Every structure is written in structure tokens, then in C-alpha cells.
Amino acid sequence: MIASGWMLLSKGEEPMGQPNVTDEERLWAMLAHLLALLGYVVWLGAYIAPLVIYLVYKDKSQFVAFHALQSLFFQLALLVVAAICALLAITIVLACIAVPLALAVSVGALAYIIVAAVRAYNGELFEYWLVGKWARQIVGI
């Protein structure tokens, strides 16, 4: 038995039931999360990078497809939250709530993306809150 995070695994067993995940798959799963950070620099970068990775790997690797699809879904969820914050910020009174909320969501999302990338590189099927189960159902894991 070996310790992996909080789980005890038998020798040769992979976390979350993902045997035979190659180094290349782990790398692309990590990049699916990290390249979504392009959205902080290029407006569509957060959506294009995970979408392209998903389209390339959807028939090759369920592991990479799962991480890319949930990264895309997470970025779309952040877009909805940003739109809500923008609508709230239209009024001066609600701007006092919307601006700190938007900043907190941005910092939290950045940390969440980094955690997801590290967990993906470790070969784990890390699930984002809310969108992870949806991506898992679509990919079929």
C-alpha cells in the first residue's frame, strides 16, 4: 500500500481508477486547465484552448477529454458569473457588492485552476464543483 494524497493505494493502482495514464496524457490534461488562464490575457483564450484540446483528444483519451471539457465548462460558468457581476455593477449601490465579488471569484478561480492542473498532472480525475459531473457524464467516465 502506498499513500497518494489522502488515499491508500495498492502497488500499481492509479488514483481514481485511471490505470495506464501516460505522461503525455497527464501533460495535456494539465495544459487543458492552465491554458484556460489565457483568458486573463486574450479574451477568447479561456475557451479556445480547452475546446481544441477536447476536440483533439475526445477519441484518443477519456482522461484528457474529461479534463479539457470540464475546464471549458468551468470557464463558461465563470463567464456567467462575470456577466451577473457586470449587471450588478451597473447601479452604484450594487457595485459595492459586485466589484468585491468579482475580485473574490477571480482569485478563487485562479487557485482552483492551479489545483486542478496539479491534480490532473498527478493522474487524478479532479472534478470541478458543479461542472465536473456533467463533463464526466458526457465523456463517459
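Each reported figure results from applying straightforward, stated rules to the coordinates on display, with no laboratory input. Bear in mind that the values here come from a model prediction, so they are computed numbers and not experimental data. Positions of Cβ are backbone-derived with ideal geometry, glycine not excepted, and every protein chain shown enters the neighbour counts.
Can you work out which of the residues in the range 119-141 that are aliphatic (A, V, I, L, M) and part of a helix (DSSP H, G or I) is nearest to residue 38 (Cα to Cα)?
Here the answer is 120.
Would you be able to tell me the number of residues in the range 33-63 that are in contact with a helix residue (DSSP H, G or I) (Cβ under 7 Å, 6 or more places away or on another chain) and part of a loop (DSSP other than H, G, I, E, B)?
Total meeting the criteria: 2.
Considering 116, 104, 83, which residue is in a helix (DSSP H, G or I), among the aliphatic types (A, V, I, L, M) and closer than 30 Å to residue 140 by Cβ?
Matching residue, one of 116, 104, 83: 116.
Between residues in the range 122-139 that are more than 16 Å from residue 78 (Cα to Cα) and residues that are of a type in the set (Val, Ile, Thr), which pairs lie under 7 Å by C-beta distance while being six or more apart or on different chains?
Cβ pairs passing all conditions: 123/21; 125/141.
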